[in-house]
Each structure stands twice: as structure tokens, then as C-alpha cells.
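Each reported figure results from applying straightforward, stated rules to the coordinates on display, with no laboratory input. Here the structure is a predicted model, which is why all the values come from computation and not from measurement. Every residue, glycine as well, gets a Cβ built from its backbone with ideal geometry; the counts of neighbours run over all protein chains shown.
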Amino acid sequence: MSELKKPTILIVDDNPNNLTILNELLSPAYHVRACKSGLSALKNASIDPVPDLILLDIMMPEMDGYETLQRLKKNPVHKEIPVIFISGLDGSIDEERGFQMGAVDYIIKPFISSIVLKRVNVHLELKQARDQLKSQKEWLEMEVARRIRENVIIQDITLSMISQLAETRDVDTAHHITRTQKYVEILANCMKEIFKYQEVLNDNYIARMVKAAPLHDIGKIGIPDHILLKPGKLTAEEFEIMKKHSAIGGDAIRNAIRQVVEINSVISDQFKPQALLFLEEAETIARFHHEKWDGTGYPLGLKGDKIPLAAQLMALADVFDAVTAPRVYKETWTMEQAMKMIIQQKGKHFAPDVVGAFEVEKEAFKRVLREVADEA
């Protein structure tokens, strides 16, 4: 075994003869350090290289082996170092106590060389195996984290591309996606302080909702240009076609979910990957963000809390942005006009709690409107 690869053993015994015997026995195969007290052992154990194994005498003055072991185990640096107790045949051994405190084995005095070497070697091999498993575990955790980051980046880029593709078909909504995403986040973070929403509006759910918000109008890809890009009010017939975009978007995302599930065979609710949870939230928002609290919305005419929470938030964010963002074919509303309309629609178009959050966060809405502005 090369010098660099030799394990380090710390021997702690107040008897110089014992130190000499163990040092002569172990030094041919190991780096050996020795000290005569528990206090010096605590200091020595912190010196690089940190020992791979400690042989610790139980009966020592001032600080016995039990107290020394207890202090070693309290230090994160020393906690994983295996400790073998050294004891004489005088009845002072308390094996159960030692094992409960974290000792891995005992060596009895007078020493039998073959037994000492065998026990030392066994516990060094066990420690080496544990260290290798720990290193592999840490590497795997890092690799999983790296791949997750890569997948998140790819997912975000794909999401941005799809969202922008839908938005480019409507030339008057340059920053609509960015603003509505921010509005949804503002509303969600405000509402999570309300007791009845504290459980559902946790950080993970809000993150998924905010990430899914840009897909709310993905179904517009399926609307004919002469309707989607019409500069002015739609006819009743055209509006009925336009209304289909929520179902088109929801169906498209649902089909994507179905394909993911089929590829990954059976996925239980408990172990759904984040990508599936995100897609389910995106489907909910795309399909139901035009529902109204009083049941007069579309596509299903859902009423009250039958409307999913994410869609309730998106409904207000979408309408607020539609009336306050510049359009070539209509007059832009002021913040005050938009606020008045939204408050008037409390319990009609919009959920009362969502309107309440909007009233609390009106300054944050103003800031987003100012900082992420379209050119008039």
C-alpha cells in the first residue's frame, strides 16, 4: 500500500507501553498518531488528515473514554469516524453503554496481535465502503440536480417559444404574457395569507401556476387570422369562434398530458413528475380562464368555486391587461377606470377574494403596468 493511500489511525491511551505496542503493530500498514488523554485526542482528531479510525482507551484520568467518545460524536467532523474501545479484563467493560454511544467494537488488553489487526482491518474496510457509498450518493445527487436544471431550462425555453408563437399571431399584445404572469403571481402571493388558501397556495403550487400562466391563450393558434387579427369588434358569429380558443388550448395540453402518461406507463398521483403537474395546471388555466364567478362565462359556464383557483386569478389578470394595454383599435383605460370596473365586477365576473387581493396589491399592478409597457 502506498504512503499516500495508507489509512490514518489515532491511538488514545494514557499508558505509554500500550501506545508503543499498538504503534509497532499498526505502523507498517497504517499512518499512526498517538496521544495520552481524551482532551488531546479531541484536538488531534481535527488535524488533517482526519483519522480513519480511532482506538480509544476507556479508563483514563480526567476524561475517560466514554466522555471522549461522546464529545467526538457531537462534532460533525468526527461523527462518522469509527471508534474501537480499548479495555482491560478487570470487569470495567460496559459494552452495552459503549455501543449505545457509538463505539463499533472492543479490543481487550493484553493485546493479541492477530485479533487487533483483524478488527482494525474490518472496520477500516467498512468505513471505506461507507465513504464510497457516500461519495456515490453525493455524485448521484449532483447529477440528478444537474439534469433537473437542464430539463427545467429546456422546459422553460420550450414554454417561452410556444407562448411567443401564440402571441406573435396577435401583434397588439407584445408584453401581454409577461404582464399577466406577473399579475397572477402578485395575486397568488397576496391570497396565500388568507387562511382558507394557506394550504393550497403553497410555494410549489404558486410556482407551477405562474409558470403555466403564459399558456393561457395557447388555443388562439387554432383561431383563423381574419378573426384573431380583426381590428375592431367581433360579430356575434366571430365571437363564438373566438371563444373556442379556451377549449382548443385545454384539449391540446390534455393530449400532451395523455402522451406523457402513456410514455411513462402508470404514474400514481403521489409520484407525478413536476412536468405533469405543471401541464395539468396549464390545462386548467387555458381551459377555464374565461369562466365567470356568476356562471355566465365559457366554455362550461362554471360558477363560483367550481372554477379552479388558478383560472380565477388568470381571469382577472387577463381582463385587467386587456383593458389597460394600448390597442390601435380602442382607447386605453386608465388604472382608475380599470380598478372601478374590476370592483364593480366583484362577485359577477371575478371571484370576490381575487378582487380583494387586487385592491390590496393595486400599487404592484401599477408598477408592472409601468415597467412592462407596450408602445402605444
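Quick notes on this one:
- Separation of the Glu238 and Gln337 label points, Cα + 7 Å toward Cβ, nm: 2.1 nm
- From the Kirkwood radius over Cα pairs of region 14-71, Stokes-Einstein at 37 °C and 0.692 mPa s returns a whole-number translational diffusion coefficient of 275 µm²/s.
- Amide hydrogen neighbours beyond the local backbone of Phe350, cut-off 5 Å, H modeled: Trp293
- Per-residue HN-Hα couplings for region 218-230 [Karplus 6.51, -1.76, 1.60; θ = phi - 60°; Hz; x = Gly/Pro]: 4, x, 5, 4, x, 9, x, 4, 5, 9, 4, 9, 5
- Helix runs (DSSP H) in the chain reaching 20 Å along axis by Cα, Kyte-Doolittle at least -0.5: 113-168, 176-191, 244-263, 274-288, 309-324
- Filtered chymotrypsin sites (Phe, Trp or Tyr not before Pro), region 287-351: DSSP coil and at most 11 other beta carbons within 10 Å: Tyr329
- Counting 0.36 nm for each residue step from Tyr298 to Lys79 and taking away their Cα separation leaves a gain of 72.6 nm.
- Compared with the alpha-carbon gap, the fully stretched path from Ile108 to Ala322 is longer by 68.7 nm at 0.36 nm per residue.
- Stokes-Einstein diffusion coefficient of the chain, Kirkwood radius over Cα pairs, 20 °C, 1.002 mPa s, in µm²/s: 81 µm²/s
- Nearest-0.05 FRET efficiency for Glu363 and Leu277, computed from C-beta distance (R0 22 Å): 0.10
- FRET efficiency, Lys230 to Phe195 (Cβ-Cβ, R0 45 Å, nearest 0.05): 0.50
- DSSP loop GluC sites (Glu not before Pro) with at most 10 other Cβ within 10 Å: longest gap in the chain: 63-198
- Potential extension, Gln128-Asp251 segment - 0.36 nm per residue separation minus Cα distance: 38.8 nm
- Förster radius 35 Å - calculated FRET efficiency between Glu143 and Lys118, Cβ distance, rounded to 0.05: 0.40
- Loop-resident trypsin sites (Lys or Arg not before Pro) (DSSP state other than H, G, I, E or B) in region 1-99 with no more than 10 further Cβ atoms inside 10 Å of their Cβ: Lys5, Lys79.
- Relative contact order of the chain, pairs being alpha-carbon contacts under 8 Å that are 6 or more residues apart, as %: 11 percent
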